[in-house]
1. Is it the case, given these coordinates, that Glu84 is farther than 24 Å from Phe34 by Cα, acidic (Asp, Glu) and assigned to a loop (DSSP other than H, G, I, E, B)?
2. Go through segment 80-96 residue by residue and tally those that are of a type in the set (Lys, Arg) and modelled with pLDDT of 95 or more.
3. Every residue in segment 21-79 that is more than 23 Å from Gln192 (Cα to Cα), β-branched (Val, Ile, Thr) and either crowded, with 20+ Cβ neighbours inside 10 Å or at pLDDT below 90 (or both), please.
4. Can you give me the number of residues within segment 146-184 that are under 28 Å from Arg27 (Cβ atoms), among the hydrophobic types (A, V, I, L, M, F, W, C), modelled with pLDDT of 90 or more and surrounded by 14 or more Cβ atoms within 10 Å (Cβ to Cβ)?
5. Pairs needed: first member in segment 79-92, without any contact (Cβ under 8 Å) to a residue 24 or more places away in the chain; second member anywhere, among the hydrophobic types (A, V, I, L, M, F, W, C); C-beta distance under 6 Å; at least 6 residues apart or different chains.
6. If I ask for residues that are on the phi > 0 side of the Ramachandran plot and surrounded by 19 or more Cβ atoms within 10 Å (Cβ to Cβ), which ones from segment 116-145 would you list?
7. Could you list, in sequence order, the residues of segment 104-115 that are part of a loop (DSSP other than H, G, I, E, B) and buried (at least 17 other Cβ atoms within 10 Å of the Cβ)?
Amino acid sequence: MPELILPAETSRQLAVLYAEMEIAYDRVARQLDFSCAGCPDNCCDSYFLHHTYIEWAYLWEGIKALPETKQSGIIARAVHYELEATRLLAKGERPNLLCPLNEAGLCGLYAHRLLICRLHGVPAKITRPDGHELRFPGCFRCQELAERQPNPPELDRTDFFRWMVEMESAFIKSLGQALPRVKMTLAGMLAQGPPCL
């Protein structure tokens with residue numbers, strides 16, 4: 001099956017979207033005086049499912065730029081993660097496993113990390129298409145900092161998610177065929193290999 005390769009312009013647009021997310025995230029973090037430095041927890045063990053082909057393909061752009069030995073180590077950890085996650089889910093437990101990209105507490109593919117990895121942590125909200133608003137309190141550290149402020153800042157994720165959906169829709173449309181929905185962990189995206197038609 002042919003691999004899905006992002007057009008250069010789509011890859012560039014995704015990098016711009018990610019950069020805008022970082023600016024917005026950093027603004028809220030500064031207002032809260034928040035930093036991950038020295039945190040006893042690690043958000044890289046949170047269990048997330050991801051839903052876009054463009055992020056999956058972009059992740060693989062980053063993987064392919066790594067030396068082969070590093071690639072194989074990451075893939076081996078991803079396969080182990082998926083096996084262990086499947087076992088835990090079968091027991092009715094939510095997996096609490098370290099991301100296969102985590103190396104000594106840091107992301108080994110930081111520039112290519114996915115949307116939720118970039119937005120997780122600070123207090124946030126999103127307005128769904130039906131107008132219903134969802135709120136996320138942020139990590140325990142941010143919650144403690146937010147409690148000290150009368151009107152703590154929030155990161156509005158709405159436009160970022162909308163932008164991502166528009167890019168994903170345009171990419172899928174350009175392929176000229178329907179694709180099954182993506183609902184995978186980052187580890188699954190690594191273990192399975194690049195997205196294919």
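1. It is false that Glu84 is farther than 24 Å from Phe34 by Cα, acidic (Asp, Glu) and assigned to a loop (DSSP other than H, G, I, E, B).
2. 2
3. Selection gives Val28 alone.
4. 6
5. Pairs found: Glu84/Leu97.
6. Within segment 116-145, Gly121, Gly138 qualify.
7. Gly108, Leu109, Arg113, Leu114 - these are the residues of segment 104-115 that are part of a loop (DSSP other than H, G, I, E, B) and buried (at least 17 other Cβ atoms within 10 Å of the Cβ).
Condition check ((1) closer than 23 Å to Cys36 by Cβ; (2) assigned to a helix (DSSP H, G or I)) across all residues:
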{"site": "Lys125", "(1), (2)": "yes, no"}
{"site": "Gly131", "(1), (2)": "no, no"}
{"site": "Gly138", "(1), (2)": "yes, no"}
{"site": "Arg141", "(1), (2)": "yes, yes"}
{"site": "Leu145", "(1), (2)": "yes, yes"}
{"site": "Pro150", "(1), (2)": "no, no"}
{"site": "Phe161", "(1), (2)": "yes, yes"}
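The values are calculated or read from the model by the stated rules, or taken from the named source; none is laboratory data. Treat the numbers as computed from the prediction; the structure is a model and nothing was measured. Here Cβ is always computed from backbone atoms with ideal geometry, including for glycine, and neighbour counts include all displayed protein chains.
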